1. Of 39, 192, how do they rank once you tally other Cβ atoms within 10 Å and put the fewest first?
2. Once phi is turned into ³J(HN,Hα) by the Karplus curve 6.51 cos²θ - 1.76 cosθ + 1.60 with θ = phi - 60°, what whole-Hz value does each residue of the range 162-179 show in order, with x for glycine and proline?
3. What are the residues whose amide H is under 5 Å from the amide H of residue 45, where those residues sit 5 or more places off or on another chain and H is modelled from the backbone?
4. For 124, 171, what's the fewest-to-most ordering of other Cβ within 10 Å of each Cβ?
5. List, in order, the whole-Hz ³J(HN,Hα) value for each residue of the range 67-73 obtained from phi through the Karplus relation with A = 6.51, B = -1.76, C = 1.60 and θ = phi - 60°; use x for Gly and Pro.
6. Which pairs in the list 95/143; 91/143; 70/151; 88/151; 131/151 are over 24 Å apart, alpha-carbon to alpha-carbon?
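Each value in this text was obtained by applying a stated rule to the coordinates, not by laboratory testing. This is a predicted model, so every value here is computed, not measured. Reconstructed Cβ throughout: ideal geometry from the backbone, glycine too, with neighbour counts over all protein chains shown.
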Amino acid sequence: MVTSVDILDRLQRQPEAAASADRQPRREVELRGFAVLPDGTTFGIAVLNLSYDGCKVASELSLLPGLNLKVSILGLAGALDAVVRWSKDGKAGLKFGGDEPAERAQKPRKEERLQLSAAASLRRGGRDSYKTQLFDLTGVGCKIEFIERPKAGELLWVKFAGLEPLEATVRWVDGFTGGLEFVRPIHPAVFDLLLVRLRA
């Protein structure tokens, strides 16, 4: 059975697919799943590439552009709302939608975020942890990649090598990335050591 950890490992190993100027880079994958039409019809799909905002699928049914459906990928929790953007020769491009991010209030950050690319582990309540990617970090929060997309306000646990898991609140979600605020800020001295480890 494909797990969320398997999916992330596979995504990290696969080369990025070429992306157009108006979409996120997509990674080639080989995942199974199913889709549900508005009338309740369920059919199998094969996910061929995947990004934060959409995917390319091979479908048992012919899908017309503009069609709304729900997509579930094996190994991922829950279903994603999607709309068909194009269809040709048994394949279709889907754009994820339905959970559009709410406008975030533009208020000053507590600390300036440091851009970096590093590994971390993430866990939702009652679920196994999985490896993920960190995009920026401060002593009070971070921007991180989700495999199992949470809701704003949900409590998660993020773990860095050598540290105990940090409890964090989801502040915003945009596709499969989001912002976390640590319940207890990282001590400045510990934060400096953590940065050295993550950048090594």
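1. So the ranking, lowest neighbour count to highest, is 39, 192.
2. Values per residue, Gly and Pro as x: x, 10, 5, x, 9, 6, 9, 9, 6, 8, 7, 9, 9, x, 10, 10, x, x Hz.
3. Those lying under 5 Å, H to H, from residue 45 are 33, 34, 35.
4. So the residues, fewest neighbours to most, are 171, 124.
5. Along the range 67-73, the couplings run 6, 8, 7, 10, 10, 10, 9 Hz.
6. From 95/143; 91/143; 70/151; 88/151; 131/151, over 24 Å: 91/143; 88/151.
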